[in-house]
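Worksheet: one structure, shown below.
The values are calculated or read from the model by the stated rules, or taken from the named source; none is laboratory data. Given the structure is predicted, the values throughout are model-derived calculations rather than measurements. As a convention, Cβ positions derive from the backbone with ideal geometry for all residues, glycine included, and neighbour counts pool all protein chains shown.
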């Protein structure tokens, strides 16, 4: 019964989100992502019997997801729109009204939807993650690099590409979350990729699965428009190629954030 409901809701809500993207509702993304999450949960349950449904339904997980997701969203938006403008909206994001809350909701929904997609791709590819080399020293170096990249938007002085520091900021944020995740659970995208380069395929395929519907539906309404980024003139059906590449660290960030929340919940349970 659960699988049937996930499939029905997933198909209906995903299609509804796509329909709304046709100049009907500018915040269609949050609707689409809810449906997409249901679909991914259904596919993982149906074919692999190991979805994250139980975790996602946990009230403490939901609270942490909303709290941390909102904080990360506000940081990314503040840097990407105000400090190092890499895109502009067709509305005022920081109006703290209708547009603001729907946008926050969309960012938060990206986290579980991306992670469930990642799990599905991992199940399909069956790429094994074996620990061959301990990269503990490298992870410490990555922490230093992440701090440097996070500071970059605040010291950047080149006015030609004022949005470029934001690109590095996202990479730095990904490195930071990867480091935190490694410390909490010994899970790391960088660590896994070094031990098995094929693992990168999982991340790349996941980023394509998330970025293609997001970026190509945006062309219909242009809810957001990218600016101040180099190579933005090279596009695929009006979507900058550099943006699709930029989704890779963003997806890595969301995957790490999901696992950090899980690790936090486990530690809380163990401490009781």
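Taking the criterion of being touching a residue at least 12 places away in the same chain (Cβ under 8 Å) and either buried (at least 18 other Cβ atoms within 10 Å of the Cβ) or closer than 14 Å to residue 115 by Cβ (or both), the residues of region 40-57 that qualify are 40, 41, 42, 43, 44, 50, 51, 52, 53, 55, 56. Looking at the structure I just gave you, is residue 215 within 26 Å of residue 89 (Cβ to Cβ) and outside any loop (DSSP other than H, G, I, E, B)? Answer is yes for this residue. Applying the criterion of being surrounded by fewer than 17 Cβ atoms within 10 Å (Cβ to Cβ) and part of a helix (DSSP H, G or I) to the residues of region 126-142, the residue that is modelled with the lowest pLDDT is 136.
Could you check, for region 22-36, whether at least one of its residues is assigned to a helix (DSSP H, G or I), touching a helix residue (DSSP H, G or I) at 6+ places or on another chain (Cβ under 8 Å) and surrounded by fewer than 17 Cβ atoms within 10 Å (Cβ to Cβ)? There is no residue in region 22-36 that is assigned to a helix (DSSP H, G or I), touching a helix residue (DSSP H, G or I) at 6+ places or on another chain (Cβ under 8 Å) and surrounded by fewer than 17 Cβ atoms within 10 Å (Cβ to Cβ).
Looking only at region 174-207, how many residues end up being part of a helix (DSSP H, G or I), touching a helix residue (DSSP H, G or I) at 6+ places or on another chain (Cβ under 7 Å) and in contact (Cβ under 8 Å) with a residue 24 or more places away in the chain?
So the count comes out to 23.
Residue check: is residue 81 surrounded by 14 or more Cβ atoms within 10 Å (Cβ to Cβ), over 28 Å from residue 39 (Cβ atoms) and within 19 Å of the chain's Cα centre (by Cα)? Yes.
Among the residues that make up region 115-125, is at least one of them surrounded by fewer than 19 Cβ atoms within 10 Å (Cβ to Cβ), in a loop (DSSP other than H, G, I, E, B) and at pLDDT below 95? Taking every residue of region 115-125 in turn, none turns out to be surrounded by fewer than 19 Cβ atoms within 10 Å (Cβ to Cβ), in a loop (DSSP other than H, G, I, E, B) and at pLDDT below 95.
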